[in-house]
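Visitor: After the structure tokens below, expect a handful of questions from me.
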Amino acid sequence: MAVDWLDAARFADTHGYHIDSGRDMTRWREYVIDSFNKNLPFDQFTVEQLAGDLLPNATVTHKVASGFNRNHMINFEGGAIPQEYHNAYIVDRVNTTTTVWLGLTAACAQCHDHKYDPITQKEYYQLYAFFHNVPENGLDGQQGNAAPMLKAPTTEQEKALARLDQQKKDLEAKMQKDVPNLAKLKIELSKLNQARSELRRKSRPP
């Protein structure tokens, strides 16, 4: 059931331009599949994908959902003009959003008013302005996903990180009291920090 939505949202595991380098949108794809499995109300499904990161107290899941807006093609070809492709990404978001949620092909209004279309060029760029607020680069993605990125640990990884954080606090508190065993505790603390770092590395997002 999710496949049609993934297609409409232009989901892909590569950037599309130039040598078509890889990227990882697995967490966003999982969000879509989980939403179908949970029968998430469509209005909530819509809000989370268009502006999940702007919700009050947004969770990692909400922010991952807004990856809908990062599914566009991304270029890093030498000689390409960054401003040109930055504009192309925003145009892609406008065109995809109007097609998916309004059932409307608004692309003609990018260049001119059209007597048969219910959207003017001015209205097109009013919508464009909503999507022109992402701190991104026109040329990016040579090494995996393009900035900005989000650390997106799974539920299991979050629990493991919480346990390690608590163990670290306990050891730090013990270090303040148990000076004779300081060297041993420092070794244990160092091992914990390495484990935390490894977990955080693995939980790096797409």
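The values are calculated or read from the model by the stated rules, or taken from the named source; none is laboratory data. What you see is a predicted model, and the numbers here were worked out from it, not measured in a lab. Because the Cβ atoms are built from the backbone with ideal geometry, glycine has one as well, and the counts that use them run over all protein chains shown. Just the protein is used for accessible areas: all its heavy atoms, side chains included, with ligands, DNA and RNA removed. Shrake-Rupley method; radii C 1.70, N 1.55, O 1.52, S 1.80 Å.
Visitor: Please work out which residue is nearest to ALA129 (Cα to Cα), limiting yourself to the range 49-69 and to residues that are part of a helix (DSSP H, G or I) and out of contact with any Phe, Trp or Tyr (no Cβ under 8 Å at 6 or more places or on another chain).
Guide: ALA51
Visitor: Anything in the range 25-41 that is open to solvent by 70 Å² or more (accessible area, probe 1.4 Å) and in a loop (DSSP other than H, G, I, E, B)? List them, or say none.
Guide: LYS38, ASN39 - these are the residues of the range 25-41 that are open to solvent by 70 Å² or more (accessible area, probe 1.4 Å) and in a loop (DSSP other than H, G, I, E, B).
Visitor: I would also like to ask the following. Which residue is surrounded by the fewest Cβ atoms within 10 Å (Cβ to Cβ), if the candidates are limited to the range 61-96 and must be free of Cβ contacts under 8 Å to residues at least 40 places away in the same chain and farther than 15 Å from TYR124 by Cβ?
Guide: Checking each candidate, the answer is GLY79.
Visitor: Test THR99 against the stated conditions and say whether it is touching a helix residue (DSSP H, G or I) at 6+ places or on another chain (Cβ under 7 Å), surrounded by fewer than 17 Cβ atoms within 10 Å (Cβ to Cβ) and more than 17 Å from ASN133 (Cβ to Cβ). Working first, answer last.
Guide: Values: touching a helix residue (DSSP H, G or I) at 6+ places or on another chain (Cβ under 7 Å): no; surrounded by fewer than 17 Cβ atoms within 10 Å (Cβ to Cβ): yes; more than 17 Å from ASN133 (Cβ to Cβ): yes.
Considered against the rule, which asks whether it is touching a helix residue (DSSP H, G or I) at 6+ places or on another chain (Cβ under 7 Å), surrounded by fewer than 17 Cβ atoms within 10 Å (Cβ to Cβ) and more than 17 Å from ASN133 (Cβ to Cβ), THR99 comes out as no.
Visitor: Looking at the range 163-206, which of the residues that are open to solvent by 60 Å² or more (accessible area, probe 1.4 Å), of a type outside the set (Ser, Thr, Tyr) and within 30 Å of PHE68 (Cα to Cα) is modelled with the highest pLDDT?
Guide: So the first thing to find is which residues in the range 163-206 are open to solvent by 60 Å² or more (accessible area, probe 1.4 Å), and the list is 163, 166-167, 169-170, 172, 174, 176-177, 179-181, 183-184, 186-188, 191, 194, 197-198, 200-202, 204.
Imposing the further condition that a residue be of a type outside the set (Ser, Thr, Tyr) reduces the set to 163, 166-167, 169-170, 172, 174, 176-177, 179-181, 183-184, 186-188, 191, 194, 198, 200-202, 204.
Filter once more, so that each one left must be within 30 Å of PHE68 (Cα to Cα): 198, 200-202, 204.
On the way: GLU198: 81, ARG200: 74, ARG201: 74, LYS202: 72, ARG204: 61.
Selected residue: GLU198.
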